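One structure is given here, and the rest of the page talks about it.
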Amino acid sequence: MSKKILIIISIVIILIIIVAIIYWFTLPAETTVVTMQEFNNSNQFGSTALVPENNKTRIIINLANSPNYPQQAYILEGSCEQPGDVIYTLSPLINGKSETVIDLSLKKLFNKLPLTIAVYRETPATQVNVSCGSILTP
């Protein structure tokens, strides 16, 4: 083999290694799943996936036994037992499903813990928490 071919092969191998290293260090964090428990005898339970997307987070809520009217979802400070202020209003659930992208990385969202995801049945006079899940450190 000529010296020229060996140099080209060496350069290609080095480039492949560099690309593999860059790819390895830029993989997004794993998806975090939050268990949603029923509240106030609603029988609405399920899960919420927190999916990293670049510097944003996609929040996908799926609840069983949801009514056929919209319900509002939020990310709140605190826990399910002691909810605090709303920090994000999420897309309403329609037939138990909601998907929202928030302009905050999953890592920065975890820096705000303790947080909870809550779904409310809303009427003009009241808000009733029907499902809730605490976001835990991965």
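Determine which single condition residue 130 fails, assuming it passes every other condition in (1) modelled with pLDDT of 95 or more; (2) surrounded by 12 or more Cβ atoms within 10 Å (Cβ to Cβ).
(1)
For region 39-56, how many residues are surrounded by fewer than 18 Cβ atoms within 10 Å (Cβ to Cβ), part of a strand (DSSP E or B) and touching a residue at least 60 places away in the same chain (Cβ under 8 Å)?
Matching residues across region 39-56 total 1.
Taking the stated definitions as given, is residue 137 polar (S, T, N, Q), within 14 Å of the chain's Cα centre (by Cα) and closer than 15 Å to residue 37 by Cα?
Spelling it out, it is not the case that residue 137 is polar (S, T, N, Q), within 14 Å of the chain's Cα centre (by Cα) and closer than 15 Å to residue 37 by Cα.
Tally the residues that are free of Cβ contacts under 8 Å to residues at least 40 places away in the same chain, part of a strand (DSSP E or B) and either closer than 15 Å to residue 120 by Cβ or of a type in the set (D, E, K, R) (or both), restricting the search to region 57-77.
Counting residues in region 57-77 that are free of Cβ contacts under 8 Å to residues at least 40 places away in the same chain, part of a strand (DSSP E or B) and either closer than 15 Å to residue 120 by Cβ or of a type in the set (D, E, K, R) (or both) gives 1.
Give region 1-43 a look and list any residue that's within 22 Å of residue 58 (Cβ to Cβ) and at pLDDT below 65, or say none.
23, 25, 26, 27, 28, 29 - these are the residues of region 1-43 that are within 22 Å of residue 58 (Cβ to Cβ) and at pLDDT below 65.
Could you list, in sequence order, all residues of region 64-121 that are in contact with a Lys or Arg (Cβ under 9 Å, 6 or more places away or on another chain), of a type in the set (Ser, Thr, Tyr) and surrounded by 16 or more Cβ atoms within 10 Å (Cβ to Cβ)?
Across region 64-121, the qualifying residues are 66, 100, 105.
The values are calculated or read from the model by the stated rules, or taken from the named source; none is laboratory data. Everything numeric here is computed off the predicted structure, so don't read it as measured data. So basically every Cβ, Gly included, is an ideal-geometry build from the backbone, and we count neighbours across all protein chains shown.
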